[in-house]
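Chemist: Pasting in a structure now, in structure tokens, and then I'll have a few things to ask.
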Amino acid sequence: MGTKGYRQHPMKSNWGGIRIERKRIASSIISMVMLMTFTLAGCSSSNDSASPSGTGNDPAPTPAPNQPAAEEKHDPVTLKFISWKNGTYDELYSLFHQKYPWITIEQVPVTNSQPIMEIIASLEAAGTPADVTEIDSDLITFEQNNLIEDLTPYIEKSDIFKNAKFPDGFFETMMFNNKKLAVPMVDVPMWVLVNKDLLAKHGVDMPANDWSYDDFRNIAKQVTDPSAGEYGITTQPEIQMRLLSSKAIADGHAANHQYMNEDLTQSMLSTPDVMNDVKWFQELVTKDGSMQSNAAAEEGGNVTKDFINGKTAFAIGGDWVLPTLKEKATFDWDVLPFPKGKVSQPGYSIYGPLALLSGSKHKEEAFLWLSFQFTPEAQKWKIDQGANASVIDPELTSYYDQAPIWQGKNIEAVKIAQKNAKIQSGLTVPGWNDYNYNNILNDIIFGDRDINDIIPETETWNKKTQEVRATLKQ
């Protein structure tokens, strides 16, 4: 997932509006036919008893047994799904096919960072339009180009959505002008990865799940030993992308990730409190020495840039790191929730958007694929891969304890990360692609850029997003 988390991930019933009406009509017709059959049978019985040959002692006629309604016939449908999954979701495609045997998922791969809009256009031009897509930029761009459907009417008809309980704000990050433009393909959680062997080497126990940012900083200093090439914190962009963003919320300095205010209209990055948070992380390099700069890490062969090398105590990771850790880690590792701050203990999750394309020739079937993501079988499969459950359900919460991927690990931390998750911002914020917070903070924390550059950059973007919002009449 790296610096563009949702791009690299790093996932029952037949209720479609047209189909359910057809099914009701078919059921009504069958019921009428059977009623007529029973009525005719009754009339026949009366006539027989009145005939001269009748004895009056014949047994009553046996009604014809109820015949099950004929199964609805479906023409085979292949859904073209534009995705980065590259084989990792084949099992989920199979589960979907088992539930809807007439529908097959054909993945259209995204290669060489080709813009998804180009893929959509090329398939349209070839007369083979795609049906469903993941999203590689903000949703507003897709909506303004009339590429994706408003899912509101589909969701309102869906028994799956009616019967599921979702977290507060579940749809809000993907809404624009009161349109539901996408649903989460997967809820990608983040945790603090812990090298328990390196902690133990320096006499440090595994921290508790309610640890603080001060605990994080102090332990990182305690286990740092430059002579052994060992450092408290991995030199990775995720430290500022995920952890700094979370600390600003935890300390009450921002309402949302990426330093956004409550209604996602302005960045708080240039406020004194958030700039102090930036300085706090900058000092992990310049003062504590518990995290290397990019230049220092490169001089050391980039060993401290990757947690799997075993030379750092803490890192930020999501479900995409679990297979490698389980297969290749030569040390005892575990996970912790993000630390608590002065106000709260927020986590960090990414919703990977899944949208229904306007050019689809199979919209009802395509929405079956979208809604399937929130069935128990799909949710459990995603938990097995290390993702969060998107549905609030005691059965799913309990399933974390059974998931093979978490056996022997800090399962309570995984549950806390899911419960406390704050969702990554940006999908429906006007002008988001011009918000340069990521590059600035990388250069400040891991390089030598002046922290005061934050101020003009942020002020410029705050003005820009207001202007773009006005043109969109939002």
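The values are calculated or read from the model by the stated rules, or taken from the named source; none is laboratory data. It should be emphasised that the depicted structure is a prediction, and the values quoted were computed from it without experimental measurement. Note: ideal-geometry Cβ built from the backbone for every residue, glycine included; neighbour counts use all protein chains shown.
Chemist: For K305, indicate whether it is crowded, with 16+ Cβ neighbours inside 10 Å, assigned by TED's automatic domain parsing to the domain that holds L199, modelled with pLDDT of 95 or more and under 15 Å from Y213 (Cα atoms).
Modeler: Spelling it out, it is not the case that K305 is crowded, with 16+ Cβ neighbours inside 10 Å, assigned by TED's automatic domain parsing to the domain that holds L199, modelled with pLDDT of 95 or more and under 15 Å from Y213 (Cα atoms).
Residues are listed down the side, and each one gets a yes or a no for (1) of a type in the set (F, W, Y); (2) surrounded by 14 or more Cβ atoms within 10 Å (Cβ to Cβ):
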position	(1), (2)
I416	no, yes
Y435	yes, yes
D448	no, no
P456	no, no
E467	no, no
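Chemist: Return the residues of the stretch 169-202 that are touching a helix residue (DSSP H, G or I) at 6+ places or on another chain (Cβ under 8 Å), over 26 Å from D150 (Cα atoms) and not in a strand (DSSP E or B); say none if nothing qualifies.
Modeler: Result: L199, H202.
Chemist: Search the stretch 235-245 for residues being under 25 Å from the mean Cα position of the chain (by Cα) and of a type in the set (S, T, N, Q), and hand back the single one that is surrounded by the most Cβ atoms within 10 Å (Cβ to Cβ).
Modeler: S245
Chemist: Have a look at S344, S349, S290, S371 and point out the one that is surrounded by fewer than 22 Cβ atoms within 10 Å (Cβ to Cβ), of a type in the set (S, T, Y) and either over 30 Å from T104 (Cβ atoms) or within 24 Å of the chain's Cα centre (by Cα) (or both).
Modeler: That would be S344, the only listed residue that is surrounded by fewer than 22 Cβ atoms within 10 Å (Cβ to Cβ), of a type in the set (S, T, Y) and either over 30 Å from T104 (Cβ atoms) or within 24 Å of the chain's Cα centre (by Cα) (or both).
Chemist: Across the stretch 213-234, which residue is farthest from I451 (Cα to Cα) among those that are among the hydrophobic types (A, V, I, L, M, F, W, C) and crowded, with 20+ Cβ neighbours inside 10 Å?
Modeler: Within the stretch 213-234, the match that is farthest from I451 (Cα to Cα) is V223.
Chemist: Condition check: part of a helix (DSSP H, G or I), surrounded by 20 or more Cβ atoms within 10 Å (Cβ to Cβ) and hydrophobic (A, V, I, L, M, F, W, C). Does I405 satisfy that?
Modeler: In short, no.
Chemist: Right, next: Going through the stretch 85-103 one residue at a time, which ones are of a type outside the set (D, E, K, R), surrounded by 13 or more Cβ atoms within 10 Å (Cβ to Cβ) and within 19 Å of the chain's Cα centre (by Cα)?
Modeler: Passing the criteria: T88, Y89, L92, Y93, L95, F96.
Chemist: OK, next. Under 30 Å from the mean Cα position of the chain (by Cα), more than 23 Å from K419 (Cβ to Cβ) and not assigned by TED's automatic domain parsing to the domain that holds G169: which single residue out of N195, N218, N276 fits that description?
Modeler: N195
Chemist: Of the numbered conditions (1) at pLDDT 95 or above; (2) closer than 21 Å to I119 by Cβ; (3) crowded, with 16+ Cβ neighbours inside 10 Å, E106 fails exactly one; give the number of that condition.
Modeler: Condition (3) is where E106 drops out.
Chemist: Ok, one more. Scan the helices (runs of 4 or more DSSP H) fully inside the stretch 240-326 and keep the ones with 3 or more residues being closer than 21 Å to I350 by Cα.
Modeler: It comes to 245-250.
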